[in-house]
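Some notes on the structure that comes next.
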Amino acid sequence: MERSNPVLAYHPANQVLLDYLKTRARRPNTPISRTYALDGWELHTHPDLLERFEKIAPDDAQIIPLFGVPALAANGIAAAAALGTGWLMVRLPQLPNNIETKDPILPLTDHGWHAVSAWQSGTPSTGGKRRLTHLLNDALHHARTLNP
C-alpha cells in the first residue's frame, strides 16, 4: 500500500480513505500549484479551511498530510480530514445530534466516515469551534479503539 505519511499504519481501517484521496491526488506541476502544495501533493483543502482545521484540532493532535489533505490520526488510524472548502470527514460510529452535516461522500460514508460542516453556521464562532474540537477529540478516541 502506498502511503503519503508514515504516521499511518498499514491497517485495513485506513484503506478506503487513502484510496479515495489517492485517486484525486496530483503532484504540483506549475508554479501556482506548487504554492498550494502539502507534502509534495497539490493541496485539496482550501487554505482557509486548513487554517480552521489547525485551530480546531486538539492541542495534542498532530496534523499529518495525506495526498494533499490535512488529517488527524491516532495509533496509526486516520480519524479526521479536512477537504474542499468547508467540510470535515470524521470517523465515528455515530455523530452527536448537534453537528451540522454535509452531503455524504461515497464510498467513505459506507465505512464509518461522516461529512460535517467545518464552520457549524448555526452556532456562534466560539461555540462552533468548541463543538468541532470535541468532535475531533471523539474521532481520535474512536481511532484508538480501532488499533489499540
- Task: Hey, can you tell me all the residues within the range 103-140 that are acidic (Asp, Glu) and assigned to a loop (DSSP other than H, G, I, E, B)?
- Result: Asp103
- Task: Sort out which residues of the range 67-120 are of a type in the set (S, T, N, Q) and either crowded, with 23+ Cβ neighbours inside 10 Å or out of contact with any strand residue (DSSP E or B) (no Cβ under 6 Å at 6 or more places or on another chain) (or both), and write them in order of number.
- Result: Asn75, Thr85, Gln94, Asn97, Asn98, Thr109, Ser117, Gln120
- Note on the range 30-58: residues in a loop (DSSP other than H, G, I, E, B) and modelled with pLDDT of 80 or more are Tyr36, Asp39, Gly40, Leu43, His44, His46, Ala57, Pro58
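The values are calculated or read from the model by the stated rules, or taken from the named source; none is laboratory data. This structure is a prediction, so every number in the text was calculated from the model and none was measured. So basically every Cβ, Gly included, is an ideal-geometry build from the backbone, and we count neighbours across all protein chains shown.
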